[in-house]
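Novice: One structure, as structure tokens, below. Some questions next.
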Amino acid sequence: MQSLQSSSLHASPLNPLRSKSNFNLPNNARPTARRVSFITASSTKSAPKREKDPKKRVVITGMGLVSVFGNDVDAYYNKLLDGESGITMIDRFDASKFPTRFGGQIRGFSAEGYIDGKNDRRLDDCLRYCIVAGKKALEDADLGADISKKIDKERAGVLVGTGMGGLTVFSDGVQALIEKGHRKITPFFIPYAITNMGSALLAIDLGFMGPNYSISTACATSNYCFYAAANHIRRGEADLMLAGGTEAAIIPIGLGGFVACRALSQRNDDPQTASRPWDKDRDGFVMGEGAGVLVMESLEHAMKRGAPIIAEYLGGAVNCDAYHMTDPRADGLGVSSCIESSLEDAGVSPEEVNYINAHATSTLAGDLAEINAIKKVFKNTTGIKINATKSMIGHCLGAAGGLEAIATVKAITTGWLHPSINQFNPEPSVEFDTVANKKQQHEVNVAISNSFGFGGHNSVVAFSAFKP
């Protein structure tokens, strides 16, 4: 997306974010005036240790989603395992004049039983997806009924973010202002457009009085939310958090905006093969939409209420490339640093990781930059399998990490990895098993899920099977 660059936007030098310490040098190579006298040459980095305190261990007890494959987690993952593409021509509006006319558009969505009729008609889809996914996650966590008897609502929070917010409400409000004047702007314009309202409405509906806000870091949003939610639990500020992301940007202004960025594939003659991460003929990403939400709890709280423990969140990290608005660092330095930090937070060594759900958007620069970063951290590529959920559902922006976290957890619990479809002409530099075109059986030891966003926002989270 070189068109977004300008003379006033200078890329930072490719210096490491963390400089190597002089204390790793031999004694005769160190500066003579040492400022830190208590570190000796015999100092060694201790082996990673996972959290053992049940108050600080964070487990996944429920998952809920809204996706192009429907609202059921098992049905969603079965479609992924089958290698089915959810990409179709857009018919929600007339896209005939756009250079990209397809996406992962959700059809037949119903919020019946989760949102009352009046609010269902008023709400932006971004909010509707959030509420339904959140409530379905609670159902999955055995918290669908009599919730007040099972948890302390003052210690339950909501952290569901979005990259774009209520874009339909915002677009309609601007159109009303231009065509009819300010008196025709709906009073719901501001409340339904702002990014925090999904978390707020879920909390209002559920009575959750714990930490509540949203994070908006473009396509890294969901992982940022998981990381922040887990830290609320680890710090003792909450027993339970609903966390994830939601997005509904397949509308004219959303599609047009990404077209203007020159970010989208234009493979209109064959949309189901348009999202092709790591393929030499990739020509941009494909827009998707939906929501993915996890119920995250302290192990102590989950065991006390007899919750169904699905998997364990081991740790995560977030950082910034500090490089360019839209382009990734070619050397992958910010991403590799983020992966290393996430493993440190998780108490995991690189050798323990054998599955990566990659960000892999099908863009020319982004796919290989991520691969370069992964290679910096994982020196042996033979034991690691990576796949690309976006090859089937498109890039769901702020919701991408939520839907991909669910795919990652399902890989752990089922022992099956979904394929990366549309692998026709693979980039030779990838050097990983990308689970090309056909699902594979694989016992996951530790999995990481990567999400990166415009602005250079990087986020990585780590999961594993739960072991008492």
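The values are calculated or read from the model by the stated rules, or taken from the named source; none is laboratory data. Quick caveat, the model's predicted, so the values are computed rather than measured. Here the Cβ is made from the backbone with ideal geometry for all residues, glycine too, and neighbour counts use every protein chain on show. Just so you know, the surface numbers come from the protein's heavy atoms only, side chains and all, with ligands and any DNA or RNA stripped out. Shrake-Rupley method; radii C 1.70, N 1.55, O 1.52, S 1.80 Å.
Novice: Can you give the relative contact order of the chain as a percent, counting alpha carbon pairs under 8 Å and 6+ residues apart?
Specialist: RCO, the chain: 22 percent.
Novice: Just from the alpha-carbon atoms, what are the Rg and Dmax of the range 69-130 in angstroms?
Specialist: Radius of gyration, then largest Cα-Cα span, for the range 69-130: 14.3, 38 Å.
Novice: Past 22 Å, Cα to Cα: identify those pairs from LYS49/LYS410; LYS56/LYS304; LYS55/LYS150, in the order given.
Specialist: LYS49/LYS410
Novice: Helix hunt in the chain: which complete DSSP H runs extend at least 15 Å axially by C-alpha with mean Kyte-Doolittle at least -1.0?
Specialist: What comes out of the filter, once short or polar helices are dropped, is 125-140, 167-180, 221-234, 333-346, 364-377, 400-414.
Novice: Could I ask something else about it? Going by average Cβ density within 10 Å per residue, which order do the peptides 278-288, 442-452 take, highest to lowest?
Specialist: 442-452, 278-288
Novice: Using the heavy atoms of the protein chains and a 1.4 angstrom probe, tell me the accessible area per residue for the chain in square angstrom.
Specialist: Averaged over the residues of the chain, the accessible area is 43 Å².
Novice: So which lysines can LYS180 reach, going by Cα to Cα under 20 Å and dropping same-chain residues fewer than 8 places off?
Specialist: Here the lysines satisfying the reach criterion relative to LYS180 do not exist.
Novice: Within the accessible area of the range 59-465, what % is carbon and sulfur when the probe is 1.4 Å and the other protein chains stay in place?
Specialist: That share works out to 51 percent.
Novice: Taking the Cβ of ALA111 as the center, what net charge do the other residues with Cβ under 13 Å away carry, scoring Lys and Arg +1 and Asp and Glu -1?
Specialist: 0
Novice: So for the chain: antiparallel DSSP bridges make up what percent, rounded to the nearest 5?
Specialist: Taking every DSSP beta bridge with both residues in the chain, the antiparallel ones total about 70 percent.
Novice: Hey, which of these cross-link pairs are over 32 Å Cα-Cα: LYS52/LYS153; LYS136/LYS390; LYS153/LYS376?
Specialist: The pairs that break the limit, which is 32 Å between Cα atoms, are LYS153/LYS376.
Novice: Straight-line reach only, C-alpha to C-alpha below 17 angstrom: list the aspartates and glutamates that LYS385 could link to, leaving out same-chain residues fewer than 8 apart.
Specialist: Once the sequence-local aspartates and glutamates are set aside, what remains near LYS385 is ASP279, GLU351, GLU352, ASP367, GLU370, GLU404, GLU427, GLU431, ASP433, GLU443.
Novice: Name the aspartates and glutamates eligible as straight-distance cross-link partners of LYS184: C-alpha to C-alpha under 13 Å, and not fewer than 8 places from it in the same chain.
Specialist: ASP172
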